[in-house]
Amino acid sequence: MPRLFIALEIPAEVASALTLHRGGLSGARWIEPSDYHITLRFLGDVDRRMANDVDHMLSDLSAYPFEVTLDALGSFGGDKPRAVFARATPTKALTDLQGDIERQMRRIGLPAEGRKFVPHVTLARLRDTMPTEVAHYLSLHPIVRPISFTARRVALMSSRDSIGGGPYVLEAAYPLGPAYPNRLSREVRR
C-alpha cells in the first residue's frame, strides 16, 4: 500500500507564482509545482481497511471553503536545514479543519500526530546546505505580496517510495461544504 496523507491542493496559478522562488540555493532539490500541497495529516502506510475508514471519514467532513494565504518563506531544520517552504497563515478555518481531521484520525485508530501543525508548502528539500546559505537565500526571496487562494476541497493523496517530494497521486477528493451522506459530487480516483 502506498503512503497516504491528507492535504489541500495548491491551484496551478498559485504554484506558478511560487516557482518564482526556485533556484539559487546549493543542495536544494526543488519540488515539482504539480506536487505542491499543504499537508493536513500524514497517515503513512495503512492497510486497505484503514484506507477505507479514512475515505468514509473524509466523505463526511463538515467544513466550508476558506481562504488560504501564503505570506512568507522559511526553513525547517535550524542548524541542519532540511527544507525551504512557503508559510500558510494559520487561520482559524485552517487550524480548525486540521484539528478536526486529527481528532477523526485518532477516533478511527491512528496514533496521534507527534509534530505540531505548521501549515506550509514545501518548495525544496535540502541536503548539505549551510544555515548561512539558507538565511541568505531567504533574505533574497521574500514573498512581497501574499498569495491567496480558496481551498475548495480536501485531497487524499499517496506517495510512492522515494526520498520525499513526490511524485504524488490524487487518490480521492472531498469538496468542502455542508456534510451530507454519500456526497454525489465527491471525486474518487479508482
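The requirement of being without any contact (Cβ under 8 Å) to a residue 24 or more places away in the chain and over 16 Å from I147 (Cα atoms) is fulfilled nowhere in region 1-22; no residue meets it.
Exactly one residue out of R29, R41, R49 is of a type in the set (K, R), open to solvent by 40 Å² or more (accessible area, probe 1.4 Å) and either in contact with a Gly (Cβ under 9 Å, 6 or more places away or on another chain) or assigned to a strand (DSSP E or B) (or both), and it is R29. Please state which one of L4, L61 is surrounded by 17 or more Cβ atoms within 10 Å (Cβ to Cβ) and either part of a loop (DSSP other than H, G, I, E, B) or of a type in the set (K, R) (or both). Checking each option against the conditions leaves just L61. Out of the residues in region 71-106 meeting the condition of being closer than 22 Å to S16 by Cα and among the β-branched types (V, I, T), tell me which one is surrounded by the fewest Cβ atoms within 10 Å (Cβ to Cβ). Residue satisfying both the conditions and the ranking: T89.
Does T95 fit the bill of being more than 21 Å from L4 (Cβ to Cβ) and touching a Phe, Trp or Tyr at 6+ places or on another chain (Cβ under 9 Å)? Yes: the conditions hold for T95. Residues considered: V68, V14. Of these, the only one that is out of contact with any Lys or Arg (no Cβ under 6 Å at 6 or more places or on another chain), assigned to a strand (DSSP E or B), at pLDDT 95 or above and crowded, with 18+ Cβ neighbours inside 10 Å is V68. Cβ-Cβ contacts under 9 Å between residues 6 or more apart (or on different chains), taken from a first residue in region 33-47 that is among the hydrophobic types (A, V, I, L, M, F, W, C) to a second residue that is at pLDDT below 95 and part of a loop (DSSP other than H, G, I, E, B), are listed as F42/E113; F42/R115; L43/L110; V46/M1; V46/L110.
Within the option set S148, S159, S185, being open to solvent by less than 30 Å² (accessible area, probe 1.4 Å) and either modelled with pLDDT of 70 or more or more than 23 Å from G74 (Cα to Cα) (or both) holds for one residue only, S159. Listed by first and then second residue, the pairs linking a residue in region 94-114 that is within 24 Å of V68 (Cα to Cα) to a residue that is among the acidic types (D, E) and open to solvent by 40 Å² or more (accessible area, probe 1.4 Å), with Cβ atoms under 8 Å apart and 6 or more places separating them unless they lie on different chains, are E102/E113; M105/E113.
If the condition is being exposed (fewer than 13 other Cβ atoms within 10 Å of the Cβ), over 19 Å from S16 (Cα atoms) and touching a residue at least 60 places away in the same chain (Cβ under 8 Å), then region 123-141 contributes R127, D128. With the structure loaded, tell me whether P119 is over 23 Å from F5 (Cβ atoms) and either in contact with a strand residue (DSSP E or B) (Cβ under 9 Å, 6 or more places away or on another chain) or buried (at least 20 other Cβ atoms within 10 Å of the Cβ) (or both) or whether it fails that test. No.
In region 57-67 there is no residue that is among the hydroxyl-bearing types (S, T, Y) and under 30 Å from G27 (Cα atoms). Filtering F117, F85 for residues that are touching a residue at least 12 places away in the same chain (Cβ under 8 Å) and assigned to a strand (DSSP E or B) leaves a single hit, F85.
The values are calculated or read from the model by the stated rules, or taken from the named source; none is laboratory data. Values in this document were obtained by computation on a predicted structure and should not be read as measured data. Cβ: placed from backbone, ideal geometry, glycine included. Neighbour counts: every protein chain shown. With ligands, DNA and RNA removed, areas are computed over all heavy atoms of the protein, side chains included. Shrake-Rupley method; radii C 1.70, N 1.55, O 1.52, S 1.80 Å.
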